[in-house]
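K.L.:
One structure coming up, written as structure tokens, with questions to follow.
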Amino acid sequence: MNTPKHAKPHTTIEISKEYLHFAAAHFTIFSATSRENLHGHNFQVTLDAHAAIQEDGLTFDYNILKTNLKKLCDRLDEQVLMPSHSPHLKVEQDENYTYILFDNDRIPFLERDLTLVPIRNITVEELAQYFLQELTKNPEISTLDISHLLLKCSSGEGQWATAQWFAAKDTT
């Protein structure tokens, strides 16, 4: 394959660290009246970043990606996750508890144990999108010369969802 002289070679940096995980409880919502029982998973996250190799032989400092992924995992670790954008849930609070209202259930949680995630359902497909959106809106990451990100989220061995981001093409 002939590569134009002005084109830089590209590579994919694969970030798959054992510490990029979080343990969380949730239930998947199937309809306004049907959901799973509350249960937990050990979620794992990986990220592929496609970028040009620069003159110094580096793409970018990918510790930035690892650090930010770890922060996102830590934010969800050892929490009960509930979707704040679900049309089937309502949230109420008093001085002692946060209540998740679903169908005819009023489920109490201590505030310290509950994280409301701005997604529609706590599923690997929604969590993958959430992680990717959080990464790409981070100014420290958005300034990196990355052309494509592929984030994968797993709720267990052999069960992954992916989310992708592509840099806007320069039309100048």
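K.L.:
Here are some conditions: (1) modelled with pLDDT of 95 or more; (2) of a type outside the set (S, T, N, Q); (3) surrounded by fewer than 17 Cβ atoms within 10 Å (Cβ to Cβ); (4) touching a strand residue (DSSP E or B) at 6+ places or on another chain (Cβ under 9 Å). Ala52 meets all but one. Which one does it not meet?
P.N.:
(1)
K.L.:
Residues in segment 19-27: is at least one at pLDDT 95 or above, surrounded by 12 or more Cβ atoms within 10 Å (Cβ to Cβ) and more than 27 Å from Leu114 (Cα to Cα)?
P.N.:
no
K.L.:
Of the numbered conditions (1) outside any strand (DSSP E or B); (2) exposed (fewer than 15 other Cβ atoms within 10 Å of the Cβ); (3) among the hydrophobic types (A, V, I, L, M, F, W, C), Leu101 satisfies every one except a single condition; which is it?
P.N.:
Unmet condition: (1).
K.L.:
Check off (1) surrounded by 12 or more Cβ atoms within 10 Å (Cβ to Cβ); (2) assigned to a loop (DSSP other than H, G, I, E, B) for Thr33 and give me the number that stays unchecked.
P.N.:
All conditions pass for Thr33, except number (1).
K.L.:
Additional query: For segment 36-59, which residues satisfy the criterion of being in a loop (DSSP other than H, G, I, E, B) and within 27 Å of Arg112 (Cα to Cα)?
P.N.:
Correct list: Glu36, Asn37, Leu38.
K.L.:
Run Ala23 past the list (1) under 23 Å from Asn138 (Cα atoms); (2) out of contact with any Ser or Thr (no Cβ under 9 Å at 6 or more places or on another chain) and report the number of the one that doesn't hold.
P.N.:
Of the numbered conditions (1) under 23 Å from Asn138 (Cα atoms); (2) out of contact with any Ser or Thr (no Cβ under 9 Å at 6 or more places or on another chain), the odd one out for Ala23 is (1).
K.L.:
Filter segment 61-89 for residues that are buried (at least 18 other Cβ atoms within 10 Å of the Cβ) and in contact with an Asp or Glu (Cβ under 8 Å, 6 or more places away or on another chain); which is farthest from Ile107 (Cα to Cα)?
P.N.:
The extreme case among them is Leu72.
K.L.:
Name the residues in segment 121-172 that are part of a loop (DSSP other than H, G, I, E, B), more than 27 Å from Ser34 (Cα to Cα) and free of Cβ contacts under 8 Å to residues at least 40 places away in the same chain, would you?
P.N.:
First, the residues of segment 121-172 that are part of a loop (DSSP other than H, G, I, E, B): 121-123, 137-138, 143-145, 157-158, 167-172.
Checking which are more than 27 Å from Ser34 (Cα to Cα) leaves us with 137-138, 143-145, 167-172.
Lys137, Thr143, Ala167, Ala168, Lys169, Asp170, Thr171, Thr172 - these are the residues of segment 121-172 that are part of a loop (DSSP other than H, G, I, E, B), more than 27 Å from Ser34 (Cα to Cα) and free of Cβ contacts under 8 Å to residues at least 40 places away in the same chain.
The values are calculated or read from the model by the stated rules, or taken from the named source; none is laboratory data. Model, not experiment: these values are computed from the prediction. Backbone-built Cβ (ideal geometry, glycine too); neighbour counts: all protein chains shown.
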